[in-house]
Amino acid sequence: FTVTNVRQLGSVTVKKQLVGDPAGASTEFTVNLDCSPGDAYDHLGIKLNSANGWTATFTNVPSGVTCQVTEPAAGIPDGWALVSVTPSTAVAVQADQTITFTVANRRLTGKLNIVKQVSPVAGNGTVVEFGDTLTYTLTVSADGEQRQPNVIVTDYVPGYDPARPKSGKTTYVKGSAACIGSGTCTVTEPGADHLITWK
């Protein structure tokens, strides 16, 4: 007698759920599918992005294998936080059925603030006359939980902003534009466009 057995198969689907703006097709998350026993049915470094509809499905997974999905911190793009993985524990694959794991992420929020001040300020007994030196200070800060990397701030030398043609013209003091505070910052002094850049 000959007895033939065929292993029954199921599948595993991993779906991404985003709360917040996905910020374009470049946003990509990485998750791991860990199936036991052994490593034969693991899928590590699964990429989920807009190109694949934030979904990955793995077929021909033997029934009886238990699988769990995790999202390592290194697989979460900057600006996002992991909310949950559902189900959170390992689930056994059933024949002709699909296990679906949903990984939810939340977009971190925040805002960038820029405040511009001038000193001295005319008024209340202070007189600003032709030839006086005016010091302009731009203070940049971030609120909320979202990081604000690679910020570039530009500002016209007062009197040369095309949006304010009636503003009185000033003369830029060469070398006076500077970065103050922690972090890496470089300054590009104004050229013919009268634009100062802090990067």
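Within the range 25-49, track down each residue that is open to solvent by less than 70 Å² (accessible area, probe 1.4 Å), farther than 17 Å from GLU71 by Cβ and touching a Ser or Thr at 6+ places or on another chain (Cβ under 8 Å).
SER36
Could you check the range 56-71 and list, in sequence order, the residues that are open to solvent by less than 50 Å² (accessible area, probe 1.4 Å) and either in contact with a Gly (Cβ under 9 Å, 6 or more places away or on another chain) or under 17 Å from PHE29 (Cβ atoms) (or both)?
ALA56, PHE58, VAL61, PRO62, SER63, VAL65, VAL69, GLU71
Quickly run through the range 120-144 and pick out the residues that are surrounded by 11 or more Cβ atoms within 10 Å (Cβ to Cβ) and either of a type outside the set (Phe, Trp, Tyr) or touching a residue at least 60 places away in the same chain (Cβ under 8 Å) (or both).
If the condition is that a residue be surrounded by 11 or more Cβ atoms within 10 Å (Cβ to Cβ) and either of a type outside the set (Phe, Trp, Tyr) or touching a residue at least 60 places away in the same chain (Cβ under 8 Å) (or both), then PRO120, ALA122, VAL128, THR133, LEU134, LEU138, THR139, VAL140, SER141, ALA142, ASP143, GLY144 are the ones that fit.
Name the one entry in TRP54, TRP80 that is over 17 Å from VAL14 (Cα atoms) and either touching a helix residue (DSSP H, G or I) at 6+ places or on another chain (Cβ under 6 Å) or of a type in the set (A, V, I, L, M, F, W, C) (or both).
It is TRP80.
Do the conditions hold for ALA142, that is, is it outside any strand (DSSP E or B), out of contact with any helix residue (DSSP H, G or I) (no Cβ under 7 Å at 6 or more places or on another chain) and among the aliphatic types (A, V, I, L, M)?
no
Just to be sure, is ASP21 under 30 Å from THR139 (Cβ atoms), in contact (Cβ under 8 Å) with a residue 60 or more places away in the chain and open to solvent by 90 Å² or more (accessible area, probe 1.4 Å)?
Here the answer is yes, as ASP21 does meet what is asked.
Which members of the range 102-135 meet the condition of being part of a loop (DSSP other than H, G, I, E, B) and closer than 27 Å to LYS199 by Cα?
LEU108, THR109, PRO120, THR133, LEU134
List the residue pairs whose Cβ atoms are under 7 Å apart, where the first residue sits in the range 155-175 and is under 10 Å from LEU195 (Cα atoms), the second is charged (D, E, K, R) and open to solvent by 100 Å² or more (accessible area, probe 1.4 Å), and the two are 6 or more positions apart or on different chains.
Going by the 7 Å Cβ cut-off, the qualifying pairs are TYR160/LYS169.
Go through the range 86-107 residue by residue and tally those that are over 13 Å from CYS35 (Cβ atoms) and in contact (Cβ under 8 Å) with a residue 24 or more places away in the chain.
Residues in the range 86-107 being over 13 Å from CYS35 (Cβ atoms) and in contact (Cβ under 8 Å) with a residue 24 or more places away in the chain: 12 in total.
Please verify whether the range 149-156 includes one or more residues that are among the polar types (S, T, N, Q), over 30 Å from TRP80 (Cα atoms) and open to solvent by 70 Å² or more (accessible area, probe 1.4 Å).
Within the range 149-156 (the criterion being among the polar types (S, T, N, Q), over 30 Å from TRP80 (Cα atoms) and open to solvent by 70 Å² or more (accessible area, probe 1.4 Å)), the answer is no, since none of the residues qualifies.
Out of the range 88-109, which residues are under 23 Å from VAL19 (Cα atoms), open to solvent by 40 Å² or more (accessible area, probe 1.4 Å) and touching a strand residue (DSSP E or B) at 6+ places or on another chain (Cβ under 7 Å)?
THR89, THR100, THR102, ARG106, ARG107, THR109
The values are calculated or read from the model by the stated rules, or taken from the named source; none is laboratory data. In this text, all values refer to a predicted model and were calculated from it rather than measured experimentally. Note that each Cβ is placed from the backbone with ideal geometry, even for glycine, and that neighbours are counted across all protein chains shown. Side chains included, ligands, DNA and RNA excluded: accessible areas come from the protein's heavy atoms. Shrake-Rupley method; radii C 1.70, N 1.55, O 1.52, S 1.80 Å.
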